[in-house]
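To keep things clear, I will list the structure first and then write my remarks on it.
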Amino acid sequence: MTKTAVVTGASSGIGAATARRLAAEGYSVVLVARRKDRLEALAAEIGDAARAVALDVTDAEAVKAFAAGLESCDVLVNNAGGAVGGDYVAVADPADWRTMYEVNVLGSLHFTQALLPKLIASGAGTIVMLSSTAGHNVYEGGGGYTAAKHGTHVMAETLRLELFDQPVRVIEIAPGMVKTEEFALNRFGGDAARAAAVYAGVAEPLVADDIADCVGWAVTRPAHVNVDLLIVRPRAQAAQHKVHRVTD
Ligand code: 8X3
């Protein structure tokens with residue numbers, strides 16, 4: 001029987017690339033995000049293996065209703081997330097911090113709670129938590145985002161303990177600098193110059209396909225193999241603050 005994978009935040013970036021990759025691996029893929037148009041375009045591109053479901057991961061009731069209508073689930077990729085703002089703790093807007101916690105942490109909580117019975121019933125379920133190197137390190141101006149991503153990381157660690165006797169593995173993938181269409185642009189409220197500065201002079205940042213490749217590899221290991229954590233950075237980013245930039 002074809003296995004089903006649910007990918008949140010599938011309308012762009014790492015989520016979209018992961019959906020394509022899992023479909024190529026033979027999964028029937030359920031694409032979840034808020035933007036219906038983008039999801040439907042991606043589902044059409046992938047073909048019969050994909051279907052689009054527009055919903056907001058922060059809406060617990062909508063997630064429950066979605067899960068109730070799903071016949072089965074073998075893989076859940078909790079990818080929806082993102083950063084809002086780059087302000088110092090002293091002046092950051094609490095609303096930005098709340099948004100980041102709601103999407104990165106509670107969004108993953110809603111999907112995990114709603115789909116866990118089906119993941120267990122599959123006999124070999126997989127939860128992939130897309131955290132970030134921001135879930136393992138901190139940096140100036142990143143307080144709200146790193147706090148939220150540390151939350152995502154902690155959820156993965158806790159779940160792995162709590163599910164130790166269940167047929168569900170928990171894989172955390174923590175990317176560093178990944179150049180996507182929207183991550184930095186969303187973070188800085190559409191300020192293209194500020195977004196471009198994030199990747200300035202970095203010859204080869206990671207791209208979404210690099211992370212989708214990691215998800216595809218980890219998920220297709222035999223069911224008894226739990227890749228706990230993959231920290232993945234571009235070669236040019238030796239550490240959060242140590243980035244090789246080439247200037248003219
Ligand atoms: C993105 C990594 O360095 O922008 O999740 O926080 S970073």
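Observations, loosely collected:
- Count Lys and Arg as plus one, Asp and Glu as minus one, and take only other residues whose Cβ is under 13 Å from that of Ser28; the net charge is then -2.
- Between Thr247 and Asp37, the contour length at 0.36 nm per residue exceeds the alpha carbon distance by 71.7 nm.
- FRET E, pair Ile231, Ala197, Förster distance 30 Å, beta-carbon r, rounded to 0.05: 0.80
- Anisotropy class of region 18-64 from Cα gyration tensor, a/c 1.5 cut: prolate
- Annotation: average projected area of region 68-210 is 9.7 square nanometres, based on the convex hull of Cα atoms across all directions.
- Converting phi to 3J(HN,Hα) with the Karplus coefficients 6.51, -1.76 and 1.60 and the offset θ = phi - 60°, region 122-137 yields 5, x, 7, x, 9, 10, 10, 9, 7, 9, 4, 4, 5, x, 10, 9 Hz in sequence order, with x at every glycine or proline.
- Cβ-based exposure ranking for Lys179, Lys242, Lys64, in which fewest neighbours within 10 Å come first: Lys242, Lys64, Lys179
- Taking one quarter of the surface of the C-alpha convex hull of the chain gives a mean projected area of 13.3 nm².
- Per residue Cα convex hull volume in Å³ - calculated over region 138-229: 112 Å³
- In terms of other Cβ atoms within 10 Å, Arg34, Arg160 run from fewest to most in the order Arg34, Arg160.
- Set of aspartates and glutamates with alpha-carbon distance to Lys64 below 13 Å, sequence-local pairs under 8 removed: Asp56
- Beta bridges per DSSP with both ends in the chain, % antiparallel, nearest 5: 5 percent
- Stretching Ala238 away from Glu61 to a fully extended chain increases their span by 59.6 nm, per 0.36 nm per residue minus the current alpha-carbon distance.
- Cβ crowding within 10 Å, taken as a proxy for footprinting-reagent exposure, orders Thr146, Thr99, Thr126, Thr247 from fewest neighbours to most as Thr247, Thr99, Thr146, Thr126.
- Taking amide hydrogens as placed 1.01 Å from N in the peptide plane, the amide H of Gly125 sits under 5 Å from those of Val168, Arg169, each at least 5 positions away in sequence or on another chain.
The numbers here are math on the coordinates, done by the rules we state, and not lab data. Every value quoted in this text rests on a predicted model; they were computed, and no experiment measured them. Every residue, glycine among them, receives a Cβ derived from its backbone with ideal geometry; neighbour counts consider all protein chains shown.
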